[in-house]
Structures are given as C-alpha cells and as structure tokens.
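Right, one structure below, let's go through it.
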Amino acid sequence: MTAPPDTDPPIALDLPESGSGVRAARRRRLLHRRTFRRVGYASAMVVLVAAIPVLATIGYRALRDTTTGRRIDAQNDPNKPRYEANVLPTPVVLLAELGADNTLQGLTMLALGPNDTGGAVVFIPPSTVSQRADGTLDTLSNTFGTGDVAALEQATANLVGLSFDQTIVMNADQWQQFAAPVAPLTVDNPDRVAIRDAKGRTSTLFPAGRLQLSADQIASYMQVHNPSESDLAHLNRKQAVWSAWLEAIKAKASPGAVPGETTVGFGRYLLGLSKGAADIATLPVRPQSAPGASVETFVADPAGVQALMAQDVPLPTPANAGDRARVRLLSGVGPIGSPNVVAAKIVSGGGEITIIGNADRFDYPTTQIVYYEDQFAPAAQKLRDALGLGEVSKSETPTDVEDVTVILGADATAKYGGSGG
C-alpha cells in the first residue's frame, strides 16, 4: 500500500533571525519527515549556464546577505539582486515489493524529472549488502525481515547515498490493481521461466519470447526465479515489465490509465514516469564471494552508484543529516536561471543545494565560496575542487541556514557558458 500523505501544513515562509538555532531545529524536523511541498515557482528565469530543465523552487525567503550580514527585504523578482528561493529536491521514493510470506522480493527506486515528467527507475537487488542504522552490515532483505520498513529505508539510503520522500510497500494484489487499466502487458521475455518440483522436475511458467501478461500475472512474473538464477539475470524481466507498462500508460493517454490518486504516492510516479523519457537501470553491484552461503549476495560499486545517482537524482537530500554541506547558490553575474551544470558539480562535490538565487550585485568577477564555521572549510575546498574555479574564504557572520555560500562570478560564465542576462 502507499504510505499516507503528509498532512502537515506547507513550509512556513517567515523565518526567525539567523543564528538563533530555531531554523536548524525546524530544518531537522522537516528533513526527518522527508516531505517537501511546492508553494510556488520562480518565473521569468534567464538561462545562466545550461538550457536544461529549470530547478523547481518553493516560495521566496528573506535571508541575510552572506558577506555583510545585513537583514534584507523579501525579494520576489528573480530578475533582481537579492532574490532567493528554496530548492525543491528531486522527488524520489523507494518501492518495496513483498512476496506472499511478506519477505522482500524486489526493491526499486523511482525518481521524477522536472515538472513530474520522465525520470528514472532503478532496480536494487534485495541481496545487496548495506550498512544498517546501527553500523552493522547485512543484506537489504535480511534487514527488512518481514516488515521493518524504517530499517530497510535507512539501509538503502546508506547504500545509494541519498534519502527518500517515502517508502511504498506493494504486494501482489496491489500490483494487479495498478496494472489492470492497461493490462495485458506485452513483454519480450528474455528467458524461459521455469520452476522445479520436489522431485527435480521442471515445468515452464512463462516461455521465452513475446508474452501477454494479465494483471494478475505481473507480480509472479517479476518475482519468480529460475533454479540457480542470479538476481541480476532475474532483473531483466522486471525491466521488460516496466518498459512495457510505462509505454502502455503513455499510449492510453487517459486519466484512467493509472488508477486512484495521481498527485501522490505510487500513482504520481507511474503517471510522471510515463510522460517523458525514463532511464531504466540496475544499481551497479558485483557478486560477493561468500563460501558456504546458500544465497547469492552483492556489494555496490561505489563509483558506479555515485555516477548513476548523480544522473538520476540531480538534487538529492542526504541519507543522514550532516552527510552533505548545505549550499546556498547565488548568481553574481545576472538573474539566476537553470544552473544545472554548476549544480551537478556542487552535488558531486558533496553539497546539497538548499537555496538558489541572486547575489547582492551582478558584477562579481570571480566565484566566491564562503564557509561560516571551521568545520566546513574542507567542504568548501572540496566544492572549489569540484567547480574547478573560485576563491575560498571564511565569513565571520554566523548563520544556521547554510554551511557554504557559492556566488558565481564571471569566471563561472566563462568556464560553463551561458549568459547572466
């Protein structure tokens, strides 16, 4: 079933004075909920460094000026200096697929593209080893057991290096319910699927080749394993289902193609993914040697996972509070636009972009990377290395809103292209 929607009110736009600690406490509560809402979009954006989908934002905020510490007036015009807005992270959920015995049979990450159009579907082998919240290591399926959703979510977040808005639990009946409007699905089955009885005899459940899957067959088709079949080979069938399913929803082009609510939960992701290009992939893992083990286990390829997440989740929230430096990204060369090239560099450098906007003026010749506490000096330098430009300095003005401010200068425009307006 899908997790119940958050009923809390939208994020308040009025903020207490910087340095009071109230903002930080509020941020921790919001991060724990892992739910972000839109309350408005920036308009009249001017492209700064790339003509890629515009960063979504929620609301306008009055914040302190980074370098002078002066209180500034609320600025709602994105074409003017001192405009700032909160960044809406990439929507991402975890889909836990249960078998008849309530054990974990499948795990899939879904991420939406800008304006809920397209995105990514990433399959995660349940037998992948990851670190639990208590620091111990075990497979994701063992961590879940028969129902520990919170433990599964945290272990998966640690594995992929980002957090999820929610975890959605699906059983066979729910698969049937969601697929029914566009079933049967036509899939190209890569391999014959068979089962073996107690006497060692095999019988075919699904032949190789083109199949017509009814709604009540989909869960079984995705979960059943051939004798001695690797999880990675098994995931090819899941890819066939998802590819056919999203195409069928797109082809039907009617609200009824996805049942129930389509603005929240699984319905939102199904509809959004079907609207545009969806990257369908398996998490980069490799088999782990385990002498005497009765099941195959995997370990992640860290570089491969990082690259895939950077591609599919361009604006992540951290797996754990404090894992990433909070970055306030401002344009010092003209109205902020869609700085996705720069954003990708910042995220790859360990930053979490929480605020985007314009600096106090538009004549910065050199990018400024400003940190506020000594503990974030290494993070600032890492961001400078990721950007390949800029000057790092410390501000004596305290703030608990961000850890580092990046003000893009003319050197960034020269390096990454675009116009500051």
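The values are calculated or read from the model by the stated rules, or taken from the named source; none is laboratory data. Remember, it's a predicted structure, so these values are computed and weren't measured experimentally. When we count neighbours, we look across all protein chains shown, and the Cβ atoms used for this are built from the backbone with ideal geometry, even at glycine. Heavy atoms of the whole protein, side chains included, go into the accessibility calculation; ligands, DNA and RNA do not. Shrake-Rupley method; radii C 1.70, N 1.55, O 1.52, S 1.80 Å.
Of all the criteria given as (1) surrounded by 14 or more Cβ atoms within 10 Å (Cβ to Cβ); (2) over 17 Å from Asn340 (Cβ atoms); (3) not β-branched (Val, Ile, Thr), the one not satisfied by Ser393 is (1).
Exactly one residue out of Ala310, Ala343, Ala319 is of a type in the set (Gly, Ala, Ser), outside any strand (DSSP E or B) and open to solvent by 10 Å² or more (accessible area, probe 1.4 Å), and it is Ala310.
When the residues of the range 328-340 are filtered to those that are hydrophobic (A, V, I, L, M, F, W, C) and under 15 Å from Gly417 (Cα atoms), the one that is surrounded by the fewest Cβ atoms within 10 Å (Cβ to Cβ) is Val333. Inclusion of Thr143 among residues that are open to solvent by less than 10 Å² (accessible area, probe 1.4 Å), touching a helix residue (DSSP H, G or I) at 6+ places or on another chain (Cβ under 7 Å), modelled with pLDDT of 95 or more and among the β-branched types (Val, Ile, Thr) is not warranted. In the range 223-239, is there at least one residue being among the charged types (D, E, K, R), over 24 Å from the mean Cα position of the chain (by Cα) and closer than 23 Å to Ala183 by Cα? So far as the range 223-239 goes, no, none of its residues is among the charged types (D, E, K, R), over 24 Å from the mean Cα position of the chain (by Cα) and closer than 23 Å to Ala183 by Cα.
When you scan the range 192-249 for strands (runs of 3 or more DSSP E) that lie fully inside it, which ones turn up with 2 or more residues that are farther than 30 Å from Gly260 by Cα?
193-196, 202-206
Just one of the listed residues (Asp216, Asp191, Asp173) is open to solvent by 40 Å² or more (accessible area, probe 1.4 Å), farther than 30 Å from Asp323 by Cβ, of a type in the set (D, E, K, R) and touching a helix residue (DSSP H, G or I) at 6+ places or on another chain (Cβ under 6 Å), namely Asp216.
For the range 373-421, which residues satisfy the criterion of being aromatic (Phe, Trp, Tyr) and either more than 17 Å from Asp323 (Cα to Cα) or at pLDDT below 95 (or both)?
Pass one, the range 373-421, residues aromatic (Phe, Trp, Tyr): 376, 416.
If the condition is that a residue be aromatic (Phe, Trp, Tyr) and either more than 17 Å from Asp323 (Cα to Cα) or at pLDDT below 95 (or both), then Tyr416 is the only one that fits.
Residues that are more than 15 Å from the chain's Cα centre (by Cα) and buried (at least 22 other Cβ atoms within 10 Å of the Cβ) within the range 271-284 comprise just one, Ser274. When only residues in the range 346-387 that are among the acidic types (Asp, Glu) and in contact with a strand residue (DSSP E or B) (Cβ under 8 Å, 6 or more places away or on another chain) count, which is surrounded by the most Cβ atoms within 10 Å (Cβ to Cβ)? Taking the candidates together, the pick is Glu352. Among the residues of the range 97-130, those identified as surrounded by fewer than 19 Cβ atoms within 10 Å (Cβ to Cβ) and more than 19 Å from the chain's Cα centre (by Cα) are Gly99, Ala100, Asp101, Asn102, Thr103.
Looking only at the range 292-307, how many residues end up being in a loop (DSSP other than H, G, I, E, B) and polar (S, T, N, Q)? The total comes to 1. The single condition from (1) closer than 18 Å to Thr399 by Cβ; (2) modelled with pLDDT of 95 or more; (3) part of a loop (DSSP other than H, G, I, E, B) that Thr366 fails is (1).
Considering only residues that are open to solvent by 40 Å² or more (accessible area, probe 1.4 Å) and touching an Asp or Glu at 6+ places or on another chain (Cβ under 7 Å), look in the range 285-307 and name the one that is modelled with the highest pLDDT. The extreme case among them is Arg286.
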